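Since the structure comes first, as structure tokens, the remarks are kept for the end.
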Amino acid sequence: MSAAPATVGAGAGPKIAVGLTATEAQTRLKNSGPNSMPDTAMHPLRMAFAKFWAPVPWMLEAAIILELILGKYVEAAIIALLLIFNALLGFFQESRAQATLAALKSRLALSASVQRDNVWKTVPAADLVQGDVVKLSLGAVVAADVRISTGEVLLDQSMLTGESVPIEAGAGVQTFAGALVRRGEATAEVTATGARTKFGRTAELVRTAHVESSQQKAVFHVVRNLAACNGVIILLMVGYAYFLKMPVVEIIPLALTAILASIPVALPATFTLASALGARALAKLGVLPTRLSAVDEAASMDVLCADKTGTLTQNELTVMSAHPVSGLDEAHLLALAAMASSEGGQDPVDAAIRAAAAAKKIPETMHLTRFTPFDPATKRSEALFTDAKGAPQRVAKGAFSVIVGLAPVEAGADSAANDLEGKGYRVLAVAAGSANAMKMVGLIALSDPARADSPGLVTALLALGVRTIMVTGDAPATAAIVAHTVGLHGPVSPPGIGADVRPEQFSIYAGVLPEDKYKLVKAFQKSNHTVGMCGDGANDAPALRQAQIGIAVSTATDVAKSAAGMVLTKPGLEGIVAAVNEGRVTFQRILTYTLNSMTKKIVQVLFLGVALIMTGHAILTPMLMVIIMITGDFLGMSLTTDRVRASPSPNAWKIRSLTVAGAMMGIGELLFCTAILAYGKYAMHMDLNTLRTLAFVTIVFGNQATTYNNRERRRLWSSRPSNWVLASSGVDILIAATLSVMGIAMSPLPLLMVLGTLAGAAVFAVVIDFVKVPTFRRLAIT
């Protein structure tokens, strides 16, 4: 075990640490490592390559390889461009965890004043070791976790705790890396360095905190279901082609076309685009998403852990009541308390009392002669003044237990103080009089009152299916009073966060440390809830990262904002209600595109199989399928701008129901496409190449019909599509009609046949709508 730092002293007097020797410090540095956090940032190239390693990229990469094998270099290049487009979108929306760690590191001191070999010297903060003696001076950042040995300092720990009020710290007080010295000077002994500091443990929790987004799960499950369904169909097609003794040079393009038909190529990009549009709308409402996935997650949130201070309350101490005794009135009591309060300082208690006194002025004039600010040793502030008659007076303000030592307790004051404290108020007593004959003149109750809009917003969230839970470090009594004021009437949780706690058990979690918020989020997620968590300090960062929707309040530190998925620019819950509503709009748009994509991919592969049976050939070439992918999938991204109805309750991805609905719509479109193809082959006696063109326009027009059905959960004419949807639909139809009539990349088709197919698609859209509505209702697709 390493030796303790050397000390000097005499008798029973205080021992003063003189620090380590340079040799001992070097030995400890080798054993414990530098006072810094390990760099775990992923290299940009590795992050970029990771975007090509996922289900959708795998399918595109397989298609590129097959195109190259066939010598179809143009088609391969087009598919490669689609692959790169998806990858770039994902890369630029990479996880914010690395940014959070960078923010944490930037807060640590770069150098420190340390005593080595009985000499004070400045060394890099990374060279500090446990047992070092360091100097804390005005403006310095605490470089490691330390325990103060001598002196007194005013410490700003807001970047760690989120609390804006500095704390007085003297001998024996433990403080942590990252705190800022606002006043005074002290020496302290280092107790922990690097990853072992409170800051370091927070950084490690941020790095390891992770919850898979519903978007990631949805994309994976959609691709999995499509791959399983279409994979079987493709194998059957290849087997049937082999049975027909088709040449290998025809079987390979058939398989390639089927693979291309089953790839939801624009699905990841659409998720990103829809979320980006939702984020832009939220930014106009004062909510800044830092992760696009948080927009979609807000739609699924069913539990909100709301911070009390600044979110449910005004984050400003206010005098709630004044209780004068000794024959005074409220105005005179407040005037006396204001004399013992600093003017223009940072103390929120003094500011609240002076504001209350200014609102109730007294006619007499009192002249301040000397003011003594709050002293942590005496736990009170004092003032000397002359009253209106010119007589010298003394006034003191502090905790009730302190003031009773200066002045006798007036009748009823003790019980009044207890009653006020029982209501959750912070109670101060005021004593005044001549210097040697002070008497208690009254009590002042202060509190951070609830925001006027909090009750209505809590009710609004409840109506949206989101349960609000108060999470605060305050005492249970204080928390309960505020909770009841804003409409949270459930019980208060006992101390400690159990691993199996559920949101419906308690409405209030009081006395919660920032580290406990992380445990609370994990516990709620364990019972399959989508959790939103409010926070403001660096210690809240792990909980903000772990929650599906981490919400940094308007007064949050940079570290908290970096860890969160959303940042509020205004206090209160209004921004969270807006995020839920906008999130549900975004979810509906993504849901529509996903359902539409599944419909298209199912019908396209099935149609290839049916056409193979009817004609004995691949009815679509790889080039035709690439054109369908570009026009259908990417122009279909306009659904991210569509008019939708936000659901009244939290959303959830029901992949099984979506798959069934997509299959139903796909089979309906398959019947339409098969009928048109049969008409062309058996009634019009078209050759194979002309049939391929007919199949191309049939798929394009049939996809348009199902798109307009899928976008509306009710009757297809119940709402008007957005202008972008109408425009992209027109462009898709125009491209398909132009290419087919002019014979570009395919055999020409008579204009009358193209128009007849389009008319047939319109009739099909109306017919399938009567099947869709009851099916969607049964599958609970809303």
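The values are calculated or read from the model by the stated rules, or taken from the named source; none is laboratory data. Worth saying up front: this structure is predicted, and the values here are computed from it rather than measured. Every residue, glycine among them, receives a Cβ derived from its backbone with ideal geometry; neighbour counts consider all protein chains shown. Surface areas here come from the heavy atoms of the whole protein model, side chains and all, with no ligands, DNA or RNA. Shrake-Rupley method; radii C 1.70, N 1.55, O 1.52, S 1.80 Å.
Data table
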item	result
Inter-probe distance in nm under a simple model that places probes 7 Å from Cα toward Cβ, at R370 and T738	9.1 nm
Size of electric dipole in the range 338-446: Cβ of Lys, Arg +1 and of Asp, Glu -1, about Cα centre, debye, nearest 20	160 debye
Cα-projected label distance for E61 with E504, points at 7 Å along beta-carbon direction, nm	4.5 nm
Estimated [θ] at 222 nm from DSSP helical runs (n ≥ 4, -39500 (n - 2.57)) normalised by residues in the chain, nearest 500	-15500 deg cm²/dmol
Apportionment of accessible area to carbon and sulfur, the range 424-554, percent (1.4 Å)	56 percent
Theoretical FRET efficiency, 1/(1+(r/R0)^6), r = Cβ-Cβ of A80 and L671, R0 30 Å, to 0.05	0.30
Acute angle (nearest 10 degrees) that the helix 267-283 long axis makes with the longest principal axis of the chain, alpha-carbon atoms	40 degrees
Listed residues F271, F371 arranged by accessible area, highest first, probe 1.4 Å	F371, F271
Hits among lysines - C-alpha to C-alpha of K423 under 17 Å, sequence gap 8 or more where chains match	K308
Nearest 10 degrees, 0 to 90: helix 751-778 Cα axis against the chain principal axis	50 degrees
Two-site FRET efficiency, T569 against A463, from Cβ-Cβ distance with R₀ of 25 Å, rounded to 0.05	0.55
Distance (nanometres) between label positions extended 7 Å along Cα→Cβ at W717 and K284	3.1 nm
Whole-percent carbon and sulfur share, accessible surface of the range 284-366, 1.4 Å	52 percent
For T150, residues with placed amide H under 5 Å, excluding near neighbours	T187
Additional length obtainable on full extension of the chain from T378 to N528, 0.36 nm per residue less Cα span	48.9 nm
Alpha-carbon Debye profile of the range 355-418, log10 I(q)/I(0) at 0.13, 0.15 Å⁻¹	-0.48, -0.64
Rounded FRET efficiency, nearest 0.05, which uses the C-beta distance separating H221 from A477 and R0 of 45 Å	0.45
Of G131, I403, F587, farthest towards positive along the dipole that unit charges on Lys, Arg, Asp, Glu beta carbons give the chain	F587
Extension gain (nm, one decimal) between F770 and F49, 0.36 nm per residue minus Cα-Cα	254.9 nm
Of K135/K561; K519/K654; K361/K389; K217/K561; K361/K570; K379/K517, those spanning more than 21 Å from alpha-carbon to alpha-carbon	K135/K561; K519/K654; K217/K561; K361/K570; K379/K517
Relative contact order, percent, the chain [alpha-carbon distance under 8 Å, six or more residues apart]	13 percent
Euclidean distance of C-alpha centroids, the range 435-460 and the range 744-779, integer Å	68 Å
Charge dipole (debye, nearest 20) of the chain; +1 at Cβ of Lys and Arg, -1 at Cβ of Asp and Glu	1560 debye
Unit charges at the beta carbon, dipole of the chain: most positive-side option, H332, A437, V697	V697
Stretch gain in nm, segment F243-T27, where the contour uses 0.36 nm per residue and the Cα spacing is subtracted	70.1 nm
Distribution of pairwise C-alpha distances over the chain, 10 Å bins, in %	2, 12, 17, 17, 15, 12, 9, 7, 5, 3, 1, 0
Nearest-20 debye value, the range 647-722 charge dipole, Cβ charges on Lys, Arg, Asp, Glu	380 debye
Hull-based mean projected area of the range 440-579, where the convex hull spans the alpha carbons, in square nanometres	9.5 nm²
Using alpha carbons only: equivalent-ellipsoid semi-axes of the range 552-654, gyration tensor based, whole Å	44, 15, 11
Net +/- balance of residues flanking K600 in space, Cβ distance below 11 Å, scoring K and R +1, D and E -1	-1
Partner aspartates and glutamates for K51 [C-alpha distance under 13 Å; skip if fewer than 8 residues away on the same chain]	E61, E94
Packing-based order for 223-230, 64-71, 629-636, using average beta carbon neighbours within 10 Å, highest first	629-636, 223-230, 64-71
Relative packing of 133-139, 619-625, which averages over residues the other C-beta atoms within 10 Å, highest first	619-625, 133-139
For the range 699-782, the Rg and Dmax computed from alpha carbons only, in angstrom	14.7, 45
The chain: angle of helix 574-615 to the longest principal axis, Cα-based, in degrees nearest 10	20 degrees
Cα lying deepest toward the dipole's positive end in the chain, options P495, H323, I64, charges on Cβ	I64
